[in-house]
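Before I ask anything, let me first share the structure, which is written out below as structure tokens.
The values are calculated or read from the model by the stated rules, or taken from the named source; none is laboratory data. Owing to the predicted nature of the structure, the values given are computational and were not obtained by experimental measurement. A quick note on method: Cβ atoms are made from the backbone with ideal geometry, for glycine too, and the neighbour counts reach across all protein chains shown.
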Amino acid sequence: MNTRKLALLLLVGFVFAPVSQAQIKHIEMRVEGMT
Amino acid sequence: MKQHLGRQSGVQSVDVSLIDGKVDVTPKEDGQIDPAQLLKAVYDSGVTVAEMDLTARGKIVKDVSGNLALQVSPNQSFAIAHNDLLKTVEPLADSSAVVTIRGELYRKPAGKKKTAASTPLKLLILEVQKKE
């Protein structure tokens, strides 16, 4: 693999890594009318 | 309601406390869950959601009109409502920094007995837990 391709791969990795780690961890609701 | 919520996509588990009317939803590992869909599912089961809080990890991004949003996946983001805590994350906009935010995503409008959440959900930041 040439250097240019490797650099591009690294760049794509850096750009998408934070978003791929992002996520919803927890959801809490307060509800009314529950029996 | 618990079974109804448990059937929604992206839901790992649901804990319901009848005493204080609290419902805890734990998403699956990938975190791909739609809070608006959960709101609708609760509404459809005949219960009113008074408040929905969310803890999410993501990037702060600016949309086309310059408003800030928390992007939790490439195709899911939540517009951030204006409050004092917004200023703490504003400098991180469009950077690679990842933040963990606890915020209020929905609150039942005062005076109305039962409504389905039809307006787009906005995240009101309650706490910035972590900046990475």
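Evaluate the following for B:Asp34: is it among the acidic types (Asp, Glu) and within 14 Å of A:Ile24 (Cα to Cα)?
Working: among the acidic types (Asp, Glu): yes; within 14 Å of A:Ile24 (Cα to Cα): yes.
So B:Asp34 fits the description; yes.
Quick check on segment B:102-119: of everything there that is at pLDDT 75 or above and touching a strand residue (DSSP E or B) at 6+ places or on another chain (Cβ under 7 Å), which residue is surrounded by the most Cβ atoms within 10 Å (Cβ to Cβ)?
So the first thing to find is which residues in segment B:102-119 are at pLDDT 75 or above, and the list is B:102-110.
Now restrict to residues that are touching a strand residue (DSSP E or B) at 6+ places or on another chain (Cβ under 7 Å): B:102-108.
Working: B:Arg102: 17, B:Gly103: 22, B:Glu104: 18, B:Leu105: 24, B:Tyr106: 22, B:Arg107: 14, B:Lys108: 18.
Per the criteria, the residue is B:Leu105.
Which pairs do you get when a residue that is within 14 Å of chain A (Cβ to nearest Cβ), found in segment B:60-73, comes within reach of a residue that is of a type in the set (Ser, Thr, Tyr), reach meaning Cβ atoms under 7 angstrom, with the pair 6+ apart or on two chains?
Going by the 7 Å Cβ cut-off, the qualifying pairs are B:Val61/B:Ser77; B:Ala69/B:Ser77; B:Leu70/B:Ser77; B:Gln71/B:Ser77.
Restricting the first residue to segment B:38-58 and requiring it to be farther than 28 Å from B:Val128 by Cβ, which pairs with a second residue that is acidic (Asp, Glu) and in a strand (DSSP E or B) meet a Cβ separation below 9 Å and a spacing of at least six or different chains?
Taking only residues 6 or more apart or on different chains, the pairs are B:Val47/A:Glu32; B:Thr48/A:Glu32.
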